Ligand code: AMP
């Protein structure tokens, strides 16, 4: 199983924002879309960073009164680890475990074509385990 197959199942929608978006807009978008991270893109759609609920919590913990007026660029992570369609689910789990993050954008020929969250990976894993269990049950019932 690879990311191309996972994207087919979940779709390619990615919520993005520009680096100058206000933190308040990021928070509003995270809440209304019930997602955990927003990919920050430059003028031409190029990957510029990622900002997740954890970054927002860290920003709030600094408790400056005007923090929600800050630009996303002030609080985003700039060194984004991305993957390709050919990345396997096992490689993805390794990336997330090693990097201690739960979101990975998918890039094809420089363009953003999707995002995988740890929830997508877990959902896929549960489906695979359920399929194995069903197959085993069939095997024992007929064997
Ligand atoms: P998350 O677990 O996705 O909420 O992110 C935890 C931290 O890692 C936050 O500081 C994010 O900005 C950062 N982060 C999330 N995804 C990535 C990624 N793909 N590459 C690099 N950093 C990331």
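If you average 1/r over every pair of different alpha-carbon atoms in the range 23-72 and take one over that average, what Kirkwood value in Å do you get?
Value: 11.4 Å, from the Cα pair sum.
Assuming a ≥ b ≥ c are the square roots of the Cα gyration tensor eigenvalues, decide whether the range 64-112 counts as rounded (a/c under 1.5), prolate (otherwise, with a/b larger than b/c) or oblate.
Oblate is the answer for the range 64-112, as a/c is 1.5 or above yet b/c matches or exceeds a/b.
I want to check the label-to-label distance for residue 61 and residue 142. Put each point 7 Å from Cα in the C-beta direction and report it in nm to one decimal.
For the pair residue 61/residue 142, the computed spacing is 5.4 nm.
If each of residue 134 and residue 14 carries a label point 7 Å out from its Cα toward its Cβ, how far apart are those two points in nm?
Inter-label distance under the simple model: 3.2 nm.
For the range 3-142, what's the radius of gyration and Dmax over Cα atoms, in angstrom?
According to the Cα coordinates of the range 3-142, Rg and Dmax are 17.7, 67 Å.
How far, in degrees from 0 to 90, does helix 23-33 lean away from the longest principal axis of the Cα atoms of the chain, to the nearest 10?
Between the helix axis and the principal axis of the chain, the angle is about 30 degrees.
Considering only DSSP beta bridges where both residues belong to the range 3-142, give the percentage that are antiparallel (nearest 5).
In the range 3-142, DSSP labels about 80 percent of beta bridges as antiparallel.
Where does helix 89-99 land angle-wise versus the long Cα axis of the chain, in degrees 0 to 90, nearest 10?
Between the helix axis and the principal axis of the chain, the angle is about 40 degrees.
Readers should treat all values here as calculations from the given coordinates under stated rules, not as data from a laboratory. This is a predicted model, so every value here is computed, not measured. Glycine gets a Cβ as well: all are built from the backbone with ideal geometry, and neighbour counts include every protein chain shown.
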